[in-house]
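What follows is one structure encoded as structure tokens, with my remarks underneath.
No lab work stands behind these numbers, since they all come straight from the coordinates. A quick note: this is a predicted structure, and the numbers were derived from the prediction, not measured. Cβ placement follows ideal geometry from the backbone for every residue including glycine, while neighbour counts extend to all protein chains displayed.
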Amino acid sequence: MTDTNPPHDRPGGHDHDDVPPTPDPLTMAVRAEVLGEKPNSMVRAVLERQAQLIKSDVTHRNWQIAREAAGAALMILAAISAFTAVIIVAGVLWSATQYRGLTILPFSVPPVLEERGLTGAAVASRVLDRLAEMQTATQSMRAANTYADSWGDEVAVEIPQTGVSAGELWRFLRSWLGEEIRITGELVSDGDGFRVTARAGGQPARVIMAETGDIYAALDDAADAIFAQTQPYRYAVYLLDSERNEDARGAFERLMASGTPTDRRWAAAGLTALYMEEGQPERAAAIGENALELYGEFGLLHANLFQVYDMLGQPGRALHHLRLATRHLRGGDEYNPGDRDAMLVSLEGELLLRSHQYQDAASFFTDAIRRRPENADELRWQQAYAHVWMYDTARGREIFARLPEYESLPGVAARDDLAFDIAMQLEDTPAWQAQWPAIREAIEAIPEEFRPAVQTSRYPGVAIAFARAGDLESARALLSELPEGNYYADLTRVYVDGLAGDGLAVEQRMETLIEQAPEIAYGEFFWSDVALQQGDVTRAIDLLAAAHRKAPGWADPLRYWGDALAQNGQHRAAVHRYRQAAERAPRWGALHIAWGRAEEARGRTRQARQLYEQAVTMDMSAADRQTVEERLEALSD
């Protein structure tokens, strides 16, 4: 049965009145939407009020979030500010601890000088200018941080001020935490002149007397005294660079006697350089070796001793110190990096040259010039001779032509000297003999104290050239001017005597020389030539093989090894040695001629002709050029 009864009335007897059935706003909102409540109903009013309350609450919460964010930002900003302040203060304090400087306070001067404009500040500025001049003129490899009393580049006049300022605070910090040398002084009237007194820190005052007209000279002398007192090593170098050798010697010797261990070995390096410059290599060697024993390994001392022993004609010891110099200079922190790197590049290249690794040396110098264009002139000189010594003389001339013009000997242009060396290298006897009188005259014109070093470096090579040209008398005349005990001179004497036929004496003396310098290949090389001249081919080959083992990059032992094999009829083996030599000296014309002759002896005329055609494009002596042209003409028939 269908229910047709009407709904029951609500308690109280009202139908759909305005009282909300629930206090939950969400439920009321849904019910009002479903039932379509009247705009002015109580439910609608409750909802509107609820919306206002929600909006107010959201606004309040937004402001609360903003206040919290602002507070956090202020806290972060405060933390950053505090951290920055700490960093700044720490940086200022650290800078103060690292400060190395010299401060000159205005001198006290008489009123009469102030009236003439020579105030205390002007006097201090004059002293400052002189100190800066000496500092700039001092060329030293030594790093500033190795001086116990270095004032670096911080040299200034300070005018005292009253009150507290940032500048005054900085001055206080650097004097408290850093190492500041303060210079004070005064000019005092003394009779007809003035007395200049200068003090550096707590050191004794220096007093200089000055006539009325010589005040500036006296101030310069005061600056010199301050420089000597506060920078003793730099001052010694300044004296040496100024050619005041006796004063420099005294300054270095005082450092050797009372300086720090670092000062002492740098002073020893300075003294070795001074004695080398004065032509006293024996004295330089004694000082250098003693310093190494007392103060330990030192790259600069090894570099100086390399030059010393080279002057003394002791190539074994020179090579030993050259190797140690390159090892101990590399990475050393006692040097100015730029100066150290320039010296190291030069020495590393020199080591390749002394080891007869001429191809490697040429490539090394090409790369070094790209890396260090500021040292190009010195490096090009070495690069040019690397090419000359592997018989690429045209390339050597080309490189040398880029150097500034200068005289290598009195009245002899360096390019003419190079031409003389090239003529000897190519055994172009008429060419070098024509140039020799001028070279000899120039050597004789060198001051007597320096002449022996030049003679011992040049005469052995010329004597060998005379001997190979058959003029033993001229060779012996040159050698008579050289001292005994010089390896190169003694080796050349033995070589000349061997070519003269004194076989037994040559063998004994050569063995002694080889023992003196076991790493040097010259002994076996020149001894092999004597053996070959005497017809002892087997001995010559053994000696050339020994020279090759000592200097595997050197083409000359391989070429003459090939000559010995060819002389013994072993032309195929000779070609093998010639080919090896050509790998090391690809532009050696005389080598290609010898190689071509060996190929001819094997009946390989096409290969011989190719070698001769290559040879004519290379530099060679006039005699060799005539030979190759004759061979080409003979093979063209």
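Can you give me the orientation-averaged projected area of the convex hull built on the Cα atoms of the stretch 272-387, in nm²?
The number I arrive at for the stretch 272-387 is 7.3 nm².
Which residues does the label zone of Arg415 cover in the stretch 336-379, counting backbone N under 19 Å from a point 7 Å along Cα→Cβ? Answer for the stretch 336-379: 377-379. Each of Val616, Pro518, Phe466 was placed along the dipole of the stretch 412-636 (beta-carbon charges, centred on the mean Cα), and the one lying farthest toward the positive end is Val616. Treating r as the C-beta distance of Asn245 and Thr136 and R0 as 22 Å, the FRET efficiency rounds to 0.55.
For Arg182, the amide hydrogen comes within under 5 Å of the amide hydrogens of Thr103, Gly201, counting only partners 5 or more places away or on other chains and with H modelled in the peptide plane. Count Lys and Arg as plus one, Asp and Glu as minus one, and take only other residues whose Cβ is under 12 Å from that of Phe420; the net charge is then -1. Ranked by the mean number of other Cβ atoms within 10 Å per residue, highest first, peptides 214-225, 457-468 order as 457-468, 214-225. Ordered by the count of other Cβ atoms within 10 Å of each Cβ, fewest first, Thr627, Thr393, Thr326 give Thr627, Thr326, Thr393. Taking the alpha-carbon centroid of each part, what is the distance from the stretch 590-637 to the stretch 474-535 in angstrom? Measuring centre to centre over Cα atoms gives 32 Å. In the stretch 373-524, the alpha-carbon atoms span a convex hull of 135 Å³ per residue. Ordered by the number of other Cβ atoms lying within 10 Å of each residue's own Cβ, fewest first, Val412, Val237 fall into the sequence Val412, Val237. With all pairs of different C-alpha atoms in the average, the Kirkwood value for the hydrodynamic radius of the stretch 449-493 is 10.3 Å. Near Ala500, once Lys and Arg are set to +1 and Asp and Glu to -1 for all other residues with Cβ below 15 Å from its Cβ, the sum equals -2.
Sequentially through the stretch 401-413, phi angles give Karplus couplings (6.51, -1.76, 1.60; θ = phi - 60°) of 5, 7, 7, x, 6, 7, 9, 7, 9, x, x, 10, 5 Hz, Gly and Pro residues having no value and appearing as x.
Above 12 Å, the calculated P(r) of the stretch 249-296 contains 55 percent of its Cα-Cα pairs. Taking only the alpha-carbon positions of the stretch 412-636 and ignoring solvent, what does the Debye formula give for the base-10 log of I(q)/I(0) at q = 0.16 Å⁻¹? These q points yield log10 I(q)/I(0) values of -1.20. Taking max minus min of the alpha-carbon positions on each principal axis, the stretch 194-315 gives extents of 59, 28, 16 Å, largest first.
Based on the Kirkwood radius over alpha-carbon pairs, what value in µm²/s does the Stokes-Einstein equation return for the translational diffusion coefficient of the stretch 220-278 at 37 °C and 0.692 mPa s? It comes out at roughly 292 µm²/s.
For the stretch 540-614, the share of alpha carbon pairs falling in successive 10 Å distance bins from zero is 24, 54, 21, 2 percent.
Net charge in the neighbourhood of Ile439 (other residues with Cβ under 11 Å of its Cβ; Lys, Arg +1, Asp, Glu -1) is -3. Peptides 374-380, 183-189 ranked from most to least packed by the mean count of surrounding Cβ atoms within 10 Å: 183-189, 374-380. With neighbour counts taken as other beta-carbon atoms within 10 Å, the residues Glu297, Glu524 rank, fewest first, as Glu297, Glu524.
Can you give me the Cα centroid spacing of the stretch 256-301 and the stretch 409-448 in angstrom? Each part reduced to its Cα centre gives a spacing of 34 Å.
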